[in-house]
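The values are calculated or read from the model by the stated rules, or taken from the named source; none is laboratory data. Just so you know, these numbers come straight off a predicted model, no measurement behind them. Counting neighbours? That spans all protein chains shown, and the Cβs are built from the backbone with ideal geometry, glycine included. Calculation scope for accessible area: heavy atoms of the full protein, side chains included, ligands and nucleic acids excluded. Shrake-Rupley method; radii C 1.70, N 1.55, O 1.52, S 1.80 Å.
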Amino acid sequence: DGKAVCVNVPERCNVTGIFKDFDVAKLAGKKIRFEVDVKGENIAPARDLWNGGKIQFQITDLDGKDDWKGAAVKTGTFDWEHKSFVVNVPGNVKKMRLFLGFQDSSGKIYFRNLKMSELAESVDLTKVANMDFADDVAGDGKGGWSDQGSYNDAKKFKYQDVERFANVPFTVINP
C-alpha cells in the first residue's frame, strides 16, 4: 500500500490526531487544492454530523472568525479513497491549521499521498466585499450584497462551492 500515517484511537475521544500549522504569509489570498488518500477501520459514528474522522483546515481571520474547510470521512471500514477539496485562503488570514484525525469518534484512520497545490491566482475580494449576501431591507444603507433588498440579494449564492465566476478565480469571505 505504500507509506501511510495512522491515527489509532481505540475509544471515543474529544479531539485526537495530527495538527500542522502553515505560514499564512505564503498562503494569504491564494486558492489551494488539498488532496489525500484515506482508509478507515472501524470508524465510529460521531454524535454530530460535522464530527468523526477529519480531514480539515481551520482558517482564522484577523477578526478571530473561524472557517472550516475539509472532506467528509465515512464511518465503518473502507479501503483507500481519494479525497480532494479547495481552500480559498482569505487575504486577512491570521492562522491556518490542518487537522487529520478524530473528533468525538474512534477507530483507525490512515493517510497517504498528501498533496497541496496552488491553483490559478485568485481575485481576492475579502477586504472590499465584506457584507452579508442576504439583505432584508432595500435601500437602508446597511448593506447586503447590493442593498437592493431580498428580491435582488445574493443569499442563495453558493460561494463555498464556486471556484470561478465568469471563468475568473475569486475569493470572498464567509459572511
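Within the range 150-169, does at least one residue satisfy the condition of being at pLDDT below 70, in contact with a Leu (Cβ under 8 Å, 6 or more places away or on another chain), in a strand (DSSP E or B) and open to solvent by less than 30 Å² (accessible area, probe 1.4 Å)? Looking through the range 150-169, at least one residue is at pLDDT below 70, in contact with a Leu (Cβ under 8 Å, 6 or more places away or on another chain), in a strand (DSSP E or B) and open to solvent by less than 30 Å² (accessible area, probe 1.4 Å).
Return yes or no: is Gly70 small (Gly, Ala, Ser), farther than 26 Å from Leu119 by Cα and surrounded by 15 or more Cβ atoms within 10 Å (Cβ to Cβ)? Judged against the criteria, Gly70 is not a match. Within the range 73-91, the residues that satisfy the criterion of being open to solvent by 80 Å² or more (accessible area, probe 1.4 Å) and in a strand (DSSP E or B) are Thr77, Asp79, His82.
Exactly one residue among Lys54, Lys83, Lys65, Lys39 is more than 19 Å from Glu118 (Cα to Cα), under 13 Å from the mean Cα position of the chain (by Cα) and in contact (Cβ under 8 Å) with a residue 40 or more places away in the chain, and that residue is Lys54. Residue under question is Lys65, and the condition is that it be on the phi < 0 side of the Ramachandran plot, open to solvent by 20 Å² or more (accessible area, probe 1.4 Å), in contact with a strand residue (DSSP E or B) (Cβ under 7 Å, 6 or more places away or on another chain) and among the charged types (D, E, K, R); does it hold? So Lys65 does not fit the description; no. Going through the range 11-57 one residue at a time, which ones are outside any loop (DSSP other than H, G, I, E, B), under 16 Å from Lys94 (Cβ atoms) and open to solvent by less than 40 Å² (accessible area, probe 1.4 Å)? Scanning the range 11-57 gives Val24, Leu27, Phe57. Of the set (1) modelled with pLDDT of 90 or more; (2) open to solvent by 70 Å² or more (accessible area, probe 1.4 Å), all apply to Glu118 but (1). The residues of the range 39-90 that are among the hydroxyl-bearing types (Ser, Thr, Tyr) and at pLDDT below 95, listed by number, are Thr60, Ser84.
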